[in-house]
Structure formats: C-alpha cells, structure tokens
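Asks: Okay, handing you the structure first.
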Amino acid sequence: MDAMSGRVTSEDGTTITFLEYGAGPGLVIIPGNNRRAHHYAALAGLLADSYRVTVIDRRGRGQSGPQGPDYRIDREAEDVQAVMAARGATWLFGHSYGGLIGLHAALLQPPAALAVYDPGVSLDGSFPAGWLPRFTRLLDEGRHTAAMTTFLHETRLTPLGNAPKLVFRALAFMLLRGSDGPDTRAMMPTTPGEVGEVVRLDSDGSRYAAITCPTLLLGGGAAPAYLRNVLPRLAQIIPDARYDIIDGLDHNAPDLNAPEAVAGRLAAFMRRTSPV
C-alpha cells in the first residue's frame, strides 16, 4: 500500500515528518530506537482498511529535524502531540523506546487509548545500560561495526540469545552493509541520547500513575526479561492498564517478525476503546 508523506512543526520549531496509510479513525505509531517510519509499513498496512495510520519519523531520522542539543523525552512527547493534533488521531502506539515516548506523551495529554510493545522503561535499575559508554566511544571513533556489535550483544534484543560475540559482529556487519545500512548508520548517533533518557528516567514508576487513558502493555515472550518484567509492574501502577505477554514473539514483532499478531491485538484494543 502506498503511503502519503507529511510534516508538522513541533513546539520547539523542529520539523517532524511522517508516513500515512489508509483512512478512518486515526492511530499514530511511534517507532523504536534505530527504526524509521517505513519499517512499520507492514503493521500499518494490516490496519489501514479500517484506520488512518500515521507513522512518525522521529527527530534525528530521515527528513525530520535533529535531536537538538537540549534533547529530552519531553521534546519527543511534544512531537507526538503535534502529529496527533494535526492528523486528528485518536489512538497511540509506541514500540520499544517509542513505547517510553508514548507513556510520556500520554502524561502530557492523554489519547483516547495508549498501547505500547516492549516499552523502554527502567524500574529500579532494571534496564542494563552499562554498555553505553563503550558504545558511545566506539561511535565517536567512527567504529560503527564495533559499536553495533556492542549494542546487539549487550541489549539481547535479537533472538540470538547467548551466541558467541563473533555471531553478533557478523550480524552487525550485515546490518550496516545491507539495504538499510545507510539509514542505520545515520540513526546510530541518536542512541546515546535515547538510552541516556531511559537511564535518567529510571524510577519506581510512580509517575505513570498519572496516565488516565486505557492502556495496553504488550510484550514478547521471547523478548529480553528486563523488558518483559516491567509490564506487570506498570499494569499495577497505571490505573486503567492491562498487560499481555505474547508467547513466541520477540522484540521486533511489530516492525519485522510478527506484525500480524501485533495488528490483531491493536485492532481489538481500538474496537474496545473507540470513543464513538
């Protein structure tokens, strides 16, 4: 399905671009770290018969503006609100770091309903980020393959599990030299700021008790435990939340490996929470 492209201006003057699919009530999708709007084309296409699906190219990606020197997740939440207002969107879905943005966008101004998948939330030090200084140093030295190897090996976001580091290096080599290689290289400098925000926002999670909209917390049964394990805690904190850990799905189910399963959960959730 062909996508329409568009752009809005966020509160701080940054241009935020997006791709849009279908027609109907609006859903905005917030991509994760190292992901762009086009990576969610399959997920958007599965929903586009019933919904207008707008996928953001977050700041630091594509034709959107840069992260900026005062980067904070608040700026990303403002970007989301600008897109939702411009497109008259009702629902919000965030994947990975985009899920953390979604939670903060809902704190800023709640949508009709919020869904997240493997949100990048750290509760009481749950998110392992000790690798970040090494990643940043390697990136500053221009050693992109070594930096990506560190990222893949330490985050365990791929299904490779405890494979030898050489396997992760081979995957990093392929990622940086494949069709998405130029995009991936261009996005890598956004990682220190984003993971830095995950660490800065580490807490007991009580701030999320102020989210007032219905909230669906999705996770993959094959995703890392540090992502899965925050979902039951968040479900207890957010007043109108429930969680669903889907057996067999990995971290990249929404954008790559199982968009059908995620689309089904989202469609059912949107039917339940329709304001009409």
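Asks: Surrounded by fewer than 23 Cβ atoms within 10 Å (Cβ to Cβ), more than 15 Å from the chain's Cα centre (by Cα) and under 18 Å from Ala186 (Cβ atoms), is that true of Thr90?
Replies: It is false that Thr90 is surrounded by fewer than 23 Cβ atoms within 10 Å (Cβ to Cβ), more than 15 Å from the chain's Cα centre (by Cα) and under 18 Å from Ala186 (Cβ atoms).
Asks: When residues of the range 181-212 are filtered for being part of a loop (DSSP other than H, G, I, E, B) and either among the aliphatic types (A, V, I, L, M) or over 30 Å from Pro66 (Cα atoms) (or both), how many remain?
Replies: Of the residues in the range 181-212, 4 are part of a loop (DSSP other than H, G, I, E, B) and either among the aliphatic types (A, V, I, L, M) or over 30 Å from Pro66 (Cα atoms) (or both).
Asks: Of these, Pro232, Pro224, Pro239, Pro259, which one is in contact with a Lys or Arg (Cβ under 9 Å, 6 or more places away or on another chain) and either modelled with pLDDT of 95 or more or over 15 Å from Gly99 (Cα atoms) (or both)?
Replies: Checking each option against the conditions leaves just Pro224.
Asks: Condition check: at pLDDT below 95 and part of a helix (DSSP H, G or I). Does Leu176 satisfy that?
Replies: no
Asks: Go through the residues of the range 67-76 one by one and say whether even a single one is within 21 Å of Glu20 (Cβ to Cβ) and either part of a loop (DSSP other than H, G, I, E, B) or not assigned by TED's automatic domain parsing to the domain that holds Asp180 (or both).
Replies: yes
Asks: Looking at His104, His95, which is the one that is surrounded by fewer than 24 Cβ atoms within 10 Å (Cβ to Cβ) and more than 13 Å from Glu11 (Cα to Cα)?
Replies: Among His104, His95, only His104 is surrounded by fewer than 24 Cβ atoms within 10 Å (Cβ to Cβ) and more than 13 Å from Glu11 (Cα to Cα).
Asks: Next question. Just checking, which of Ala209, Ala223 is of a type outside the set (S, T, N, Q) and over 18 Å from the mean Cα position of the chain (by Cα)?
Replies: Ala209
Asks: So for the range 35-52 (the condition being part of a loop (DSSP other than H, G, I, E, B), in contact with an Asp or Glu (Cβ under 9 Å, 6 or more places away or on another chain) and crowded, with 21+ Cβ neighbours inside 10 Å), does at least one residue qualify?
Replies: Yes, the range 35-52 contains at least one residue that is part of a loop (DSSP other than H, G, I, E, B), in contact with an Asp or Glu (Cβ under 9 Å, 6 or more places away or on another chain) and crowded, with 21+ Cβ neighbours inside 10 Å.
Asks: Looking at (1) closer than 18 Å to Gly32 by Cβ; (2) loosely packed, with under 13 Cβ neighbours inside 10 Å, find the lone condition where Val198 falls short.
Replies: Only one criterion in (1) closer than 18 Å to Gly32 by Cβ; (2) loosely packed, with under 13 Cβ neighbours inside 10 Å is unmet by Val198, namely (2).
Asks: Sticking with this structure for a sec: Search the range 145-173 for residues being part of a helix (DSSP H, G or I) and over 24 Å from His95 (Cα atoms), and hand back the single one that is farthest from the chain's Cα centre (by Cα).
Replies: Leu166
Asks: Another question, if that's okay. Out of all the residues in the range 175-192, is one or more of a type outside the set (D, E, K, R), within 20 Å of Ala129 (Cα to Cα) and free of Cβ contacts under 8 Å to residues at least 24 places away in the same chain?
Replies: No; the residues of the range 175-192 include none that is of a type outside the set (D, E, K, R), within 20 Å of Ala129 (Cα to Cα) and free of Cβ contacts under 8 Å to residues at least 24 places away in the same chain.
Asks: Also, quick follow-up: Just checking, how many residues over the range 214-268 are under 22 Å from Arg156 (Cβ atoms) and part of a strand (DSSP E or B)?
Replies: Count: 8.
Asks: Select from the range 222-258 the residues that are charged (D, E, K, R) and in contact with a Pro (Cβ under 8 Å, 6 or more places away or on another chain) and list them in ascending order.
Replies: Those that are charged (D, E, K, R) and in contact with a Pro (Cβ under 8 Å, 6 or more places away or on another chain): Asp240, Asp250, Asp255.
Asks: Residues to consider are Leu256, Leu266, Leu249; find the one that is crowded, with 19+ Cβ neighbours inside 10 Å and touching a residue at least 40 places away in the same chain (Cβ under 8 Å).
Replies: Leu266
Asks: Name every residue in the range 8-34 that is without any contact (Cβ under 8 Å) to a residue 60 or more places away in the chain and either not in a strand (DSSP E or B) or not assigned by TED's automatic domain parsing to the domain that holds Phe93 (or both), in order of residue number.
Replies: Once the filter is applied, which keeps residues that are without any contact (Cβ under 8 Å) to a residue 60 or more places away in the chain and either not in a strand (DSSP E or B) or not assigned by TED's automatic domain parsing to the domain that holds Phe93 (or both), the range 8-34 yields Gly13, Gly22, Ala23, Gly24.
The values are calculated or read from the model by the stated rules, or taken from the named source; none is laboratory data. What you are looking at is a predicted structure, and each value in this text was computed from that prediction instead of being measured. Note that we place each Cβ from the backbone using ideal geometry, even for glycine, and neighbour counts take in every protein chain shown.
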